[in-house]
Every structure is written in structure tokens, then in C-alpha cells.
Amino acid sequence: MIVAEVPAWELALIQVFATHKSRYGTRRRRAALQQQGHRVGRQALRTAMHRRQLRALQPKAYTPRTTNSTHGLRCAPNRLLDQPPVVQANRVWVSDITYLPIASGAWAYLCAFQDVASKHVVGWQVMATMPEELIIVALQRALFAQQPTPGLLVHSNRGGQYCGNKYRALLHTHGALRSQSRRGECYDNAQAESLWSRLKTEELERREWPVFADLADAQASVADYFDYYNYERLHSSIGYQLPYLAHQQLLS
């Protein structure tokens, strides 16, 4: 009996699937194979995946939600509305806070700052509560790592933490300008919301029980995921580049 030889691209496909732990759909798999010199169509990829019973994780549909902005604090206007498309790194960052489920039934809280042009996650923090200190630490990490020049625009939703005196003072010290979503306009901060969708799908949905064991597990898992996201995961909106490399290219 003659056994058909497995094409080189299919062997590479199996390796890509294993390396990225089921996170890549056909577009990213095809881009990854092309970067390795393999030319193959998406239908051939789908057929091979089906034959080998390799199933990619599917992100849940994005459900927009508004932030409770009844805190009575003064919000900044949405300055992104007046901005042309961002083509340089460290000119505009977006930020948001999300909930992370813990096995005990409690929650952890994650704040991150992401560059709009490169998609690079420049700073983040996970805590058991979400005071203003949560976003202060995440922003301090980003500012220390990136050292942006004055004029940086930092956009967020209308959450009370982003209206606090310490947060505003930190931005002012570094010559950064605050921007916030319009009331009831959940899509004003869609890029930050999209990051949460990816993290929860690609990190939690791979587990038998989609929760973190405890706060330490949440912190370690988020650190691992953002390392993967920045340095290993091809991003479709920047031409299937790695966010870290795109960030370096766009700093000039």
C-alpha cells in the first residue's frame, strides 16, 4: 500500500497550530505559513484542519456595553474624533478595565494601555479591586517602558478611575492629554474592548474550567498572554505583523 507523502505546508500547519495553542484562524494560519515560504489557499487549510480535527478557538460576538458614568466627576471630551488616522507609535493609547473570573467566585480586575497604531500592549496591571491605583500602576508601567514625548493622547471610557486627580496629574506631568468616550457611545473605545475579547477567548476558553485559580494565577496568565500577544501573535489589522515589531517600526 502506497502512503501519500504529507505536504511540507501541512506539516508546518500542524506546527503553527500547536505553537499558537488553537488561537489562529485560517487567515492568521495562512499568513504564518506564507512567512515560512508556503503558498496555500484558505480552502486547502480548512480541508486539512477538518481532516486532522484541528479546531481553532472562536471569539464570542462583541456585545457593546456602556460604563457607569454616574460618578459625578468631570470627564474629558472625546479628542479621538478630531484625530486623523494614527500612523506613529506612542501618539495615541487606549485603555480600559475588565473583570477576570476567579475560581472562588470573586473577581480580579485588569487595566491595560494599548498603542493605537501598533496594537502593542504598553502597560497593564491586575489587582483584586479596581481603585484609581489600578490604572495608575498600569500607566506608570507604560510611561516608564515607552518614555513617550509630550503630546501623547490617552483615551478611555468614562469610568470614574479615569477621572481621578492622581490619574490626571500623572498625565499632566508627562505632557499627555486625556480623552474619554462620549456618554452612551460604547464603540468610542472599541479597540480596548476588542483586546479583552481576544484575551478571554484565547486564554480562558482553552481551559476545561474557564476561570483563573486565584489572583496570582490571573496575574501570571495575563503576563504570559501579553508577552505572546506582543511578541508572537500576528495581528491582522497591521498587516499580519507582530505588535512589538510594528511598534518599533512606527516609532520613527
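What follows is calculated from the coordinates using simple rules that are stated; it is not laboratory data. What you see is a predicted model; the values in this text were computed from it and never measured. FYI the Cβ positions are ideal-geometry reconstructions off the backbone, even for glycines, and counts take in every protein chain you see.
So the values come out like this:
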{"item": "Amide H contacts of Val92 (H built 1.01 Å from N, under 5 Å, at least 5 apart or other chain)", "result": "Val116, Ala117, Leu153"}
{"item": "Within a Gaussian network of the chain (alpha carbon springs, distance under 10 Å), most fluctuating of Val92, Val122, Val16", "result": "Val16"}
{"item": "Placed amide H near Ala108: partners under 5 Å, 5+ positions off or other chain", "result": "Leu100, Ile102"}
{"item": "Descending semi-axes in whole angstrom, ellipsoid equivalent of the chain, from the Cα gyration tensor", "result": "36, 21, 15"}
{"item": "Amide H contacts of Gln180 (H built 1.01 Å from N, under 5 Å, at least 5 apart or other chain)", "result": "Ala76, Asn78, Arg79, Ser156"}
{"item": "Paramagnetic reach from Ala128 (point 7 Å along Cα→Cβ, amide N under 19 Å) across the stretch 93-108", "result": "98-108"}
{"item": "Antiparallel %, DSSP beta bridges [both residues in the chain], to 5", "result": "65"}
{"item": "Nearest-ten-degree value, helix 215-231 long axis tilted from longest Cα axis of the chain", "result": "70"}
{"item": "Residue of Val154, Val87, Val116 that the Gaussian network model of the chain assigns the largest fluctuation, springs spanning Cα pairs under 10 Å", "result": "Val87"}
{"item": "In Hz, Karplus ³J(HN,Hα) per residue of the stretch 168-184 (6.51, -1.76, 1.60; θ = phi - 60°; x = Gly, Pro)", "result": "5, 5, 5, 4, 4, 4, 9, x, 9, 10, 8, 9, 9, 4, 6, 4, x"}
{"item": "For the chain, built as a Gaussian network whose Cα springs stay under 10 Å, the top-fluctuating residue of Val137, Val126, Val86", "result": "Val86"}
{"item": "Acute angle (nearest 10 degrees) that the helix 42-51 long axis makes with the longest principal axis of the chain, alpha-carbon atoms", "result": "70"}
{"item": "Sum of side-chain charges, Gln248 neighbourhood, beta-carbon under 14 Å (Lys, Arg +1; Asp, Glu -1)", "result": "0"}
